[in-house]
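Encoded as C-alpha cells, the structure appears first; notes follow it.
Every read-out reported here was derived from the displayed coordinates using simple, explicitly stated rules and does not represent laboratory data. Just so you know, these numbers come straight off a predicted model, no measurement behind them. When we count neighbours, we look across all protein chains shown, and the Cβ atoms used for this are built from the backbone with ideal geometry, even at glycine.
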Amino acid sequence: MLTHELAANVAVPNDLEAFWMPFTSNKHFKQEPRLIARAKDMHFTAVDGRQILDATAGLWCCNAGHGRPKIVEAVQRQVADLDFAPSFQFAHPKAFELASRLAALFPGDLDHAFFTNSGSESVDTALKIALAYHRVRGEGTRTRLIGRERGYHGVGFGGISVGGMVKNRMWFGSLLTGVDHLPHTLDIQKNAFSKGLPEHGAELADELEKLVALHDASNIAAVIVEPVAGSIGVYPPPKGYLERLRAITEKHGILLIFDEVITGYGRLGKGSAAEYFGVQPDLVTTAKGLTSGVVPMGAVMARKHIHDTIVGAQADPKVIELFHGYTYSAHPLACAAALATLDTYQEEGLFERAAELAPYWQEALHSLRDAPNVIDIRNIGLMGAVEMSPYPGKPGHRAYDAMCKAFHDFDIMIRITGDTIAMSPPLIVTKAQIDEIMEKVRGVIEAVA
Ligand SMILES: Cc1ncc(COP(=O)(O)O)c(C=O)c1O
C-alpha cells in the first residue's frame, strides 16, 4: 500500500477505501479525513502535527488521559510475560486480583465481576444473567426486558433491543421479542439549562407500574437504564427518578441494571453512578474507563445473591454453571491495563479531582448559554452537552459541521449526537484547559451559526 509521511512522522495510507468505518459518514470522512497519529495526556496529535485538545476522553473512555506511563508500562510488561491465557476452565492470577479490586470499588454487595471486551458485550451479558437468575429460581416466566426510549446500550442484538435510539434499531429486523421501553426523561420545555439534575420528571419512573399492570411482574425480568443517558447527549436523571425506579423494581422482584459504561470509573466523581446517587442496582455494566480505553475490556458487576443463586444452583461442582463467556474474557493485557488504570485513578485521586472540578465545569459550560442557536445545556460530573437548534430542514448537520470545524480549525475533539455537542474530558483536565475547551467550543458554535 502506498503511504506518505506527514508532520507527525506517521505513515498515512493513500487509500482509505477498505476500512469501513463504524458509526461514521464514510464518504465525507474519506474526502476530508480526521486522522490521528499520537496521544499524550490531554492531547491528540493529528497526522499533520497539530495538537488537538481532547474534550471527549476519546470516546468517553480515556478517563486517566493518554499515554499514562504506569498503564503503558504495565501493558508492555504483560505482553512479554503472558500474552494470552484462556479463561474457560483455566485462568491467570491478575483476573482474580482485578475482580477483587472491582468488588471493592462498586457499592454494596456488587461483589462478582464477569469480564467482557466491550460495553455491548457487558450489556448482553447482564441481560443473560438476569434471565438465567430468574430461571434458576423457578421464575422462568420472567423473560420480558425493559429499556428506555433514547437509551444506548451498545450494538449487540440485546443492546439494540432494549436501547431506544431509532437509527440503531430500524435497520435490523425484529430484534428481541418481549421488550418494552420507558419514556425518556428529556423535557427541554420544563428543564432547559438545568444545572445538574433537572427538577421535573421523577414521575416518569412510574410508567414502569403501567408496564407491570399490563404484563404482570411475573413476566418481567429486568429494567436496564443508563443512570445518566450519555450517548444521546447527556440526560442527567430528574431528581428522585432513579430512587423511584429502584423502589418499583424492588417491589415487583424485577432486577435493576445500571448501564455504567460511561458513568463508571470516575466520570461523576465517584467509582460509579450507583455510589454517586446512593441507589443500589442488581447488576452494573461497565467498560471504557475500566482500562482508560487502552485495551478493550468490560466488566459486569453482579450482586452476591445473583451470583450465588446461579453458581449455587448446581450441586455437582464439575458442572458449568453459566454457559456464557468470551475467548478474550479477562485477557491478560486487559487485566494488566485495568489494574494499572485503577492504580492511576487512586494514586492521582482522579475521582476526587473530577468531583472537585465538577462545579467549575458546570459554570464554564453554562457560560455558553448566550452562544448562537443554543437551546439547552446539561451537565453532571465531568459530562456536559450543548444542544443547538438544527439548520432548518437539516437535522444533525449543524453539529456535524461543528465537529469538522472543531477538529480542522479549532484543534479540539468534540463528540456529536443529533445537534448536540457532548463533552467528557479526561479527569486530568485542568481549569485552564476547561476554559480553553469552552473558548474553542464557543468559536465552533459561532462558526456554524
Ligand atoms: C451506556 C453504554 N452502554 C454500552 C455501550 C457500548 O459500548 P461498546 O461500544 O464498548 O460496545 C456504550 C458506548 O458508548 C454506552 O455508552
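Here is how the numbers come out for the structure above:
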item: Sequence-distant residues sharing a close amide H with His66 (under 5 Å, placed H); result: Asp41, Met42, His43
item: Euclidean distance between Cα centres, region 294-354 to region 150-210, Å; result: 27 Å
item: Low-density loop positions, chymotrypsin sites (Phe, Trp or Tyr not before Pro), region 299-389 - DSSP coil, at most 15 other Cβ in 10 Å; result: Phe323
item: Candidate lysines - alpha carbon under 17 Å from Lys195, same-chain residues fewer than 8 apart omitted; result: Lys239
item: DSSP-defined antiparallel bridges as percent of all bridges, the chain, nearest 5; result: 70 percent
item: Cut-off under 5 Å, modelled amide H: who pairs with Leu176 long-range; result: Ser161
item: Leu59 paired with Gln189, simple spin-label distance in nm, labels 7 Å along Cα-to-beta-carbon; result: 3.6 nm
item: Packing rank of 11-22, 432-443, 296-307, where each peptide gets the mean count of other beta carbons within 10 Å, highest leading; result: 296-307, 432-443, 11-22
item: Net charge of neighbours whose Cβ lies under 13 Å from the Cβ of Ser194, counting Lys and Arg as +1 and Asp and Glu as -1; result: +1
item: Dipole magnitude of region 72-347 about its Cα centre (Cβ charges: Lys, Arg +1; Asp, Glu -1), debye to nearest 20; result: 380 debye
item: Value at 222 nm in deg cm²/dmol, rounded to 500, when DSSP H runs of n ≥ 4 in the chain each add -39,500 (n - 2.57); result: -11000 deg cm²/dmol
item: Using a Förster distance of 30 Å, the FRET efficiency for Ala103-Glu139 (Cβ separation, nearest 0.05); result: 0.70
item: Residues with amide H under 5 Å from that of Leu35, placed H, sequence gap 5 or more; result: Val47
